[in-house]
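Chemist: Questions regarding the structure given below will be posed in turn.
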Amino acid sequence: MIVVSTVDELRRARHTLASPLGFIPTMGFLHAGHLGLVRVAREQNPSVAVSIFVNPTQFGPNEDFASYPRDLDRDLHLLAEAGVDLVFTPSVEEIYPPGFSTFVDVGPIAERLEGKSRPGHFRGVATVVARLFNLFQPQRAYFGQKDGQQCVVVKKLTTELGFPIDIVVVPTVREPDGLALSSRNVYLTPVERVAARVLSASLRSARVAFQKGERSGEELRRLIQSQIEREPLAKLDYVSVADAMTLEEVDRIEGPVMVSLAVRIGRARLIDNEILG
Ligand code: AMP
């Protein structure tokens, strides 16, 4: 496995890799969710590359950029075991040299849901993804459904900026009790960890109601909200039942919708979603 941390080294290493290249951008502190993306990429491509970069531009001023968990040695070990060919571990200055001022803004879909709670978040995501796509020039890139809105944003910027890259969305990997794996789960105390089940449990209730014929977006939002409110350690940030493409809230479910929520539990802000229909 080649490990590089500068753009020049990356460009040289990229030329040695067979095409098609599958690329997985991450912020590190890897878990089975990330490794699931690597496994799918490994199956579909002769070469696989991963970036590990905690991207400062996608964090708000009062968010956890400084304290975001990091363990590069462990990450590199896991990626080598998973058969990754190339890992890029740039510094902030390597991605954003002094004077950097070009940003990618994908418009209204980036201002809903996560974008509303975290202003500027998707501008940071879209910018770093575009920058990494240009550096790696992969044929396929892999993203987790866990970050459902991110998948929509990345697909849109890929189409509209004309990157010749297939975006592959991989299903969310969960703990046995339903909690979506996330690097931020380490923030949870044991009691909070138990409480955190409420996210996936409430999504499951929404799915059951949908399967029984419920088609009112408002009813599903209310159902999820009432379950979160019954968990004393959980504080609901938002719940949404939105068109899966435009992310606009829907009254009546007639096509695919993304049911999503963000919840604070202790120090952690957790998100989860499910596609219905
Ligand atoms: P992150 O390191 O949190 O930026 O995540 C890197 C990639 O892994 C993103 O495409 C995430 O959506 C994906 N990912 C994170 N957690 C999971 C999970 N539990 N299941 C599937 N994909 C995930």
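Chemist: Starting from the Cα of Lys235, draw a straight line to each of the lysines and keep only those under 26 Å, dropping any in the same chain fewer than 8 residues away.
Modeler: Candidates past the 8-residue exclusion: Lys116, Lys146.
Chemist: Let me spell out the model: positive unit charges on the Cβ of Lys and Arg, negative unit charges on the Cβ of Asp and Glu, origin at the Cα centre of the chain. What dipole size does that give, in debye rounded to 20?
Modeler: 280
Chemist: Next question, about the same structure. Step through the residues of the range 11-19 one at a time and calculate ³J(HN,Hα) from phi using the Karplus curve (6.51 cos²θ - 1.76 cosθ + 1.60, θ = phi - 60°), rounding each to whole Hz and writing x for Gly and Pro.
Modeler: 4, 5, 5, 4, 5, 7, 8, 6, 9
Chemist: Just to confirm, what accessible area per residue do you get for the range 25-129 at 1.4 Å probe, in whole Å²?
Modeler: 45
Chemist: Amide H of Val87: which non-local residues (sequence gap of 5 or more, or other chain) have their own amide H closer than 5 Å, using H built in the peptide plane?
Modeler: Correct list: Ile2, Val3, Val4, Val50.
Chemist: Please identify, among Leu21, Leu35, Leu161, the residue showing maximal mean-square fluctuation in a Gaussian network model of the chain using a 10 angstrom Cα cutoff.
Modeler: Leu161
Chemist: Please determine, in degrees from 0 to 90 and to the nearest 10, the orientation of helix 148-161 with respect to the longest principal axis defined by the Cα atoms of the chain, where the helix direction is its Cα long axis.
Modeler: Result, in degrees: 50.
Chemist: Between Arg230, Arg70, Arg221, where does the largest GNM mean-square fluctuation fall for the chain, given springs only between Cα atoms within less than 10 Å?
Modeler: Maximum fluctuation in the GNM of the chain, among the listed residues, is at Arg230.
Chemist: Heavy atoms only, probe 1.4 Å: what % of the accessible area of the range 183-272 goes to carbon and sulfur, would you let me know?
Modeler: Numbers: 2310 of 4510 Å².
So the carbon and sulfur contribution to the accessible surface is 51 percent.
Chemist: If I ignore ligands, DNA and RNA and count only protein heavy atoms, how much of Ile109 is accessible to a 1.4 Å probe, in Å² to the nearest 10?
Modeler: Looks like 10 Å² after rounding.
Chemist: Accessible area per residue of the range 183-272 at 1.4 Å probe, in Å²?
Modeler: The answer is 50 Å² per residue.
Chemist: Continuing with this model, one more query. How many angstrom separate the Cα center of the range 163-197 from the Cα center of the range 1-64?
Modeler: So the separation of the two Cα centres works out to 18 Å.
Chemist: On to the next question. Could you check how much of the accessible area of the range 2-170 is carbon and sulfur, as a whole percent, using a 1.4 Å probe?
Modeler: Solvent-exposed carbon and sulfur of the range 2-170 make up 52 percent of the total.
Chemist: Still on this structure, I have one more. Using a/c under 1.5 as the rounded threshold, could you call the chain rounded, prolate or oblate? The axes a ≥ b ≥ c are square roots of the C-alpha gyration tensor eigenvalues, and prolate needs a/b larger than b/c, oblate otherwise.
Modeler: prolate
Chemist: Let me ask something else about it. So what J values fall out for the range 50-63 if you push phi through Karplus, 6.51 cos²θ - 1.76 cosθ + 1.60 with θ = phi - 60°, rounded to Hz, Gly and Pro as x?
Modeler: 10, 10, 10, 7, 7, 7, x, 6, 9, 9, x, x, 9, 9
Chemist: Take the alpha carbon gyration tensor of the range 1-110, find the square roots of its eigenvalues, order them as a ≥ b ≥ c, and report rounded if a/c is under 1.5; if not, report prolate when a/b exceeds b/c, else oblate.
Modeler: prolate
Chemist: How large is ³J(HN,Hα) for each residue in the range 106-115, as worked out from phi by the Karplus curve 6.51 cos²θ - 1.76 cosθ + 1.60 (θ = phi - 60°), to whole Hz, x for Gly and Pro?
Modeler: For the range 106-115, the Karplus-derived couplings read 8, x, x, 5, 7, 9, 8, 6, 4, x Hz, x marking Gly and Pro.
Chemist: Quote the accessible area belonging to Lys155 in square angstrom, nearest 10, computed with a 1.4 Å probe and with ligands, DNA and RNA left uncounted.
Modeler: 100
Chemist: Translational D (Stokes-Einstein, µm²/s) of the range 183-272 at 25 °C and 0.890 mPa s when Rh comes from the Kirkwood sum over C-alpha pairs? Could the numbers behind the result be given before it?
Modeler: On the way: Rh = 13.4 Å.
After rounding, the answer is 183 µm²/s.
The values are calculated or read from the model by the stated rules, or taken from the named source; none is laboratory data. Everything numeric here is computed off the predicted structure, so don't read it as measured data. Cβ coordinates were reconstructed from backbone atoms using ideal geometry, including for glycine residues, and neighbour counts include every protein chain displayed. Ligands, DNA and RNA are stripped out before the accessible areas are found, and what is left, the full protein with its side chains, is counted by its heavy atoms. Shrake-Rupley method; radii C 1.70, N 1.55, O 1.52, S 1.80 Å.
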